[in-house]
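Taking it in order: structure first as structure tokens, then the write-up.
The values are calculated or read from the model by the stated rules, or taken from the named source; none is laboratory data. In this text the structure is predicted, and so the values were computed from the model without any measurement. Cβ sites come from the backbone with ideal geometry, for glycine too, and all protein chains shown count toward neighbours. The protein model used for the area step is the full one, side chains on, heavy atoms only, and it has no ligands, DNA or RNA in it. Shrake-Rupley method; radii C 1.70, N 1.55, O 1.52, S 1.80 Å.
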Amino acid sequence: MNENLIDKHLVEAAYANLALRSLFPMVSHGSLQFSRCTRFPWSQDLPSIFPLDGERFRVLRLHEPQGSGRERIGGAFTAEEAVEIAAAHLPDGWGPAVDGEPDILEPLS
């Protein structure tokens, strides 16, 4: 793993969380994102974790339903706190991830 791409402690904390471990993880621009499916274009309906100032993290929902944009869920001082926030904000019907594209997924409630 290239340590310049993602915080190793964040990946380890996410893997230790059973809910997040059951999702499909993606790394983009230093963020850790999750999908309910394993194939592009991915589901884009779950919380993502972004580094902030190298020490802190922010948890966002990048694609809100009906195109309303990003939703800031919370901030954290540790990777473990960020993971707990992301897991606590998984919507009903979130997972586990299935092999396929998002068109096979049931809508989230």
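Side notes on the structure shown:
- Sulfur and carbon atoms: percent of accessible area, the chain [1.4 Å]: 52 percent
- Near LEU60: Cβ cut-off under 9 Å, other residues only, Lys/Arg at +1 and Asp/Glu at -1. The net charge is +3.
- The overall shape of the chain is prolate: from the C-alpha gyration tensor, with semi-axes ordered a ≥ b ≥ c, the ratio a/c is 1.5 or greater and a/b exceeds b/c.
- Cβ-based net charge around PHE34, under 13 Å, with every Lys or Arg adding one and every Asp or Glu removing one: +2
- Relative contact order of the chain: 26 percent, from C-alpha pairs under 8 Å at least 6 residues apart in sequence.
- Average accessible surface for the chain: 61 Å² per residue, computed with a 1.4 Å probe over protein heavy atoms with every protein chain in place.
- Amide H contacts under 5 Å for LEU52, placed H, 5+ residues apart: PHE57, ARG58
- Taking label points 7 Å from Cα along the Cα-to-Cβ direction, ALA88 and SER28 give a separation of 2.6 nm.
- Using alpha-carbon coordinates, inclination of helix 79-88 to the longest axis of the chain, degrees: 20 degrees
- Among the GluC sites (Glu not before Pro) within segment 29-109, those in coil by DSSP and having at most 11 neighbouring Cβ atoms inside 10 Å are GLU55.
- Look at the dipole of segment 38-109 built from charges on Cβ: of VAL98, ALA82, PRO51, the Cα furthest out on the positive end belongs to PRO51.
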